[in-house]
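The values are calculated or read from the model by the stated rules, or taken from the named source; none is laboratory data. Note that the coordinates shown come from a computational prediction; the quantities given were computed from them, not determined experimentally. Cβ: placed from backbone, ideal geometry, glycine included. Neighbour counts: every protein chain shown.
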2 protein chains.
Amino acid sequence: MSLHVFDAALQLQPQAEGVYLGATSPAWANMVGPFGGMTAATVVQAIVSHAQCLGEPVSLTVNYLAAIADGAFTLQLRIARTNRSTQHWVFDIRQTDAQGQSQCVLTGTAMTAARRDTWSANDLTMPEVPAPHTLPETTISPSVVWITRYEMRGIAGGMPQVWNGCESALPLHEASLSQLWVRDKVGRALDFAALAATADIFFPRVWLRRAHWTPAGTVSMTVYFHANSAQLAQVGSGYVLAQARGQIFHNGFFDQSGCLWSEAGVPLATTHQLVYFKE
Amino acid sequence: MSLHVFDAALQLQPQAEGVYLGATSPAWANMVGPFGGMTAATVVQAIVSHAQCLGEPVSLTVNYLAAIADGAFTLQLRIARTNRSTQHWVFDIRQTDAQGQSQCVLTGTAMTAARRDTWSANDLTMPEVPAPHTLPETTISPSVVWITRYEMRGIAGGMPQVWNGCESALPLHEASLSQLWVRDKVGRALDFAALAATADIFFPRVWLRRAHWTPAGTVSMTVYFHANSAQLAQVGSGYVLAQARGQIFHNGFFDQSGCLWSEAGVPLATTHQLVYFKE
């Protein structure tokens, strides 16, 4: 049986203690280089697969320093500290440039933890939205390959149909809001790596807000994982409700705040990004 | 003229390329170790003071791996990559433990950028709140020293007056919401370091949400700086409106989402935290 394209892209070859060789996958190509979510997923998978990993992912920050070139990359992953119930990770990804120089293309940190049962509450309740089967599948001209890996059913804030440069007339808290149901196209079950990837599926809020195309790309993404592996297993190959909204757009950067819920309303992750935009 | 206590705590002694010796300040003591915001500020100040720093802070993530002990610490700061208009930083803080071993107590990443004027918009408008001078100064029994460094004028979601364990009866989006005006007690002007510190002034949302005291502490904080130094200079020693709200509380960790505005309504920073809580 061949590996799912997601799992194939996650494959790393250990080179030395904490050093792994990987390669970008054409199946996950973005406009330039690979889908950033796939790169984040690769790091998460390396962490959860690590022999000394304590617990499960709780926090992740990845910084995209430059477009990752198609081809080989080296992931360096290090445990910065192991406490009784938490563990902190530091990592980077490097590539060799055309001049033969090793260049850093990604940095980041993560925390894993062995969680205990405590009082819990969900103050970010899932919005009331139509069920996935009542919505048509979003048909996007597949300008980038990775989008075709997902089944998306849009609820609000889809890609502009007309790029007329008219700013959204919606109230500000809805002007850059997107909501969609999303799942892997061929039924690959949700896990921490897939959840990290899903946190990055939103197209740039500035496009939605302005109906104006401008070069844009994530420079930093943080994911807080709220669900544990048992809860992710319950989602399986089901839909995830993905929501993101832009907050402040200022002089070349905007931030967004998002959340991912299971169809049953379980909050899986909250996520934030800082995104570059050109004009 | 003696240094302001904030500036005194920011002092670092360069030891070697990218290696600085610092010390915690009793003036910024928290229950255990120093106020985390002060530590974040120290890193930001080291970055903006660095001879090779490109532009101004845009993104910061700090992870608190363990309580920082009172006394000396070593900051290691490295430029991971310099692009045409952006620069990425990696850092950690280490301390020598009782056994003479060097231990990592903080990790993090940051990005600075030379911003250009672009289309800008503020979708996270400042809530309508009473002006600072119409509100009494919050008088807190100074259980921790650092709180006395700030003048705070609470608007909503102050520290519970009765710790009766009754969960908030407010709607969920207000149940763990705090809003306050805050400024340096003795008029130290706002800059990037001070803004980073201010992003961490919120007491644990779980206390507010439950009126129940439980050990809690920030494990990861991200700050997206939206204002530039000229805008911060305009704030000067004026008030900042600080708002934070808890999102998901689950098995030992909760996250919060916050924003800081100037009194004139300029969005200065958005900020997120993942916070540990014991029960």
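Yes/no per residue for (1) in contact with a His (Cβ under 9 Å, 6 or more places away or on another chain); (2) under 30 Å from A:A51 (Cβ atoms); (3) buried (at least 20 other Cβ atoms within 10 Å of the Cβ):
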{"position": "A:Q87", "(1), (2), (3)": "no, yes, yes"}
{"position": "A:A98", "(1), (2), (3)": "no, no, no"}
{"position": "A:T112", "(1), (2), (3)": "yes, yes, yes"}
{"position": "A:E128", "(1), (2), (3)": "no, no, no"}
{"position": "A:A131", "(1), (2), (3)": "no, no, no"}
{"position": "A:G154", "(1), (2), (3)": "no, no, no"}
{"position": "A:N164", "(1), (2), (3)": "yes, no, no"}
{"position": "A:E167", "(1), (2), (3)": "yes, no, no"}
{"position": "A:P171", "(1), (2), (3)": "no, no, no"}
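Summed over segment B:209-231, the residues that are hydrophobic (A, V, I, L, M, F, W, C), crowded, with 24+ Cβ neighbours inside 10 Å and farther than 19 Å from B:L65 by Cα give a count of 2. Within segment A:90-105, the set of residues being under 22 Å from B:T112 (Cα atoms) and either charged (D, E, K, R) or facing chain B (nearest Cβ under 9 Å) (or both) comprises A:V90, A:D92, A:R94, A:Q103, A:C104, A:V105. Of the residues A:T109, A:T125, A:T139, A:T118, the single one that is out of contact with any Cys (no Cβ under 7 Å at 6 or more places or on another chain) and more than 14 Å from every other protein chain (Cβ to nearest Cβ) is A:T139.
Can you tell me which residues in segment A:212-225 are in a loop (DSSP other than H, G, I, E, B) and within 12 Å of chain B (Cβ to nearest Cβ)?
So the first thing to find is which residues in segment A:212-225 are in a loop (DSSP other than H, G, I, E, B), and the list is A:212-215.
Across segment A:212-225, the qualifying residues are A:H212, A:T214, A:P215.
Per the conditions (1) within 21 Å of the chain's Cα centre (by Cα); (2) within 21 Å of A:N228 (Cβ to Cβ); (3) hydrophobic (A, V, I, L, M, F, W, C), the sole criterion not satisfied by A:I79 is (1).
Flag not set for B:V58, criterion: under 30 Å from A:A66 (Cβ atoms), surrounded by fewer than 22 Cβ atoms within 10 Å (Cβ to Cβ) and either within 18 Å of the chain's Cα centre (by Cα) or aromatic (F, W, Y) (or both).
Step by step: first the residues of segment A:111-131, then only those that are assigned to a loop (DSSP other than H, G, I, E, B) and of a type in the set (S, T, Y), then the one that is nearest to A:Q179 (Cα to Cα). Which residue is that? Outline the logic, then answer.
Going through segment A:111-131, the residues assigned to a loop (DSSP other than H, G, I, E, B) turn out to be A:114-120, A:123-131.
Those left that are additionally of a type in the set (S, T, Y): A:118, A:120, A:125.
Details: A:T118: 30, A:S120: 25, A:T125: 14 Å.
Residue satisfying both the conditions and the ranking: A:T125.
Scoring A:V235 on the criteria (1) more than 30 Å from B:E279 (Cβ to Cβ); (2) away from every other protein chain (no Cβ under 11 Å) leaves a single failure, condition (1). Under the condition of being surrounded by fewer than 16 Cβ atoms within 10 Å (Cβ to Cβ) and not in a loop (DSSP other than H, G, I, E, B), the residues counted in segment B:1-22 number 8. Of the strands (runs of 3 or more DSSP E) that lie entirely inside segment A:226-279, those containing 2 or more residues that are small (G, A, S) span A:240-250, A:253-262.
Applying the condition of being in contact with a strand residue (DSSP E or B) (Cβ under 7 Å, 6 or more places away or on another chain) and part of a loop (DSSP other than H, G, I, E, B) to segment B:163-189 and asking which residue is nearest to the other protein chains (Cβ to nearest Cβ) yields B:S176. Take the conditions (1) more than 30 Å from A:W119 (Cα to Cα); (2) loosely packed, with under 12 Cβ neighbours inside 10 Å; B:S141 misses just one of them, which is (1).
Yes or no: A:G158 under 21 Å from A:G265 (Cα atoms) and outside any strand (DSSP E or B)?
Details: under 21 Å from A:G265 (Cα atoms): no; outside any strand (DSSP E or B): yes.
Spelling it out, it is not the case that A:G158 is under 21 Å from A:G265 (Cα atoms) and outside any strand (DSSP E or B).
Scanning segment B:55-89 for residues that are within 11 Å of chain A (Cβ to nearest Cβ), polar (S, T, N, Q) and part of a strand (DSSP E or B) yields B:S59, B:T61, B:N63, B:T82, B:T86, B:Q87.
Please tell me if A:S143 is within 19 Å of A:M38 (Cα to Cα), small (G, A, S) and modelled with pLDDT under 95. So A:S143 passes the test.
When only residues in segment A:144-190 that are among the hydroxyl-bearing types (S, T, Y) and within 19 Å of the chain's Cα centre (by Cα) count, which is nearest to B:L124 (Cα to Cα)? It comes out as A:S176.
Of all residues being out of contact with any strand residue (DSSP E or B) (no Cβ under 9 Å at 6 or more places or on another chain) and not in a loop (DSSP other than H, G, I, E, B) in segment A:35-54, which is surrounded by the fewest Cβ atoms within 10 Å (Cβ to Cβ)? Just the residue, please.
As a first pass, look at segment A:35-54 and keep what is out of contact with any strand residue (DSSP E or B) (no Cβ under 9 Å at 6 or more places or on another chain): A:38, A:41, A:45, A:49, A:51.
From what is left, the residues that are not in a loop (DSSP other than H, G, I, E, B) are A:38, A:41, A:45.
Working: A:M38: 26, A:A41: 25, A:Q45: 22.
Checking each candidate, the answer is A:Q45.
Just to be sure, is B:A121 of a type in the set (A, V, I, L, M), out of contact with any helix residue (DSSP H, G or I) (no Cβ under 6 Å at 6 or more places or on another chain) and farther than 27 Å from B:F203 by Cβ? It is true that B:A121 is of a type in the set (A, V, I, L, M), out of contact with any helix residue (DSSP H, G or I) (no Cβ under 6 Å at 6 or more places or on another chain) and farther than 27 Å from B:F203 by Cβ.
One line per residue, one yes/no per condition, for (1) surrounded by fewer than 23 Cβ atoms within 10 Å (Cβ to Cβ); (2) more than 8 Å from chain A (Cβ to nearest Cβ); (3) closer than 22 Å to B:V145 by Cβ; (4) more than 13 Å from the chain's Cα centre (by Cα):
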position	(1), (2), (3), (4)
B:I201	yes, yes, yes, no
B:W207	yes, yes, yes, yes
B:A242	no, yes, yes, no
B:H250	no, no, no, yes
B:F253	no, no, no, yes
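Would you check if B:V275 is farther than 19 Å from B:R149 by Cβ and either away from chain A (no Cβ under 14 Å) or not acidic (D, E) (or both)?
Working: farther than 19 Å from B:R149 by Cβ: yes; either away from chain A (no Cβ under 14 Å) or not acidic (D, E) (or both): yes.
In short, yes.
Kindly indicate the residue of segment A:255-265 that is more than 9 Å from chain B (Cβ to nearest Cβ) and free of Cβ contacts under 8 Å to residues at least 40 places away in the same chain and also farthest from B:R115 (Cα to Cα) among those meeting that condition. Across segment A:255-265, the extreme among qualifying residues is A:A264.
For segment A:180-226, residues that are out of contact with any Lys or Arg (no Cβ under 8 Å at 6 or more places or on another chain) and basic (K, R) total 4.
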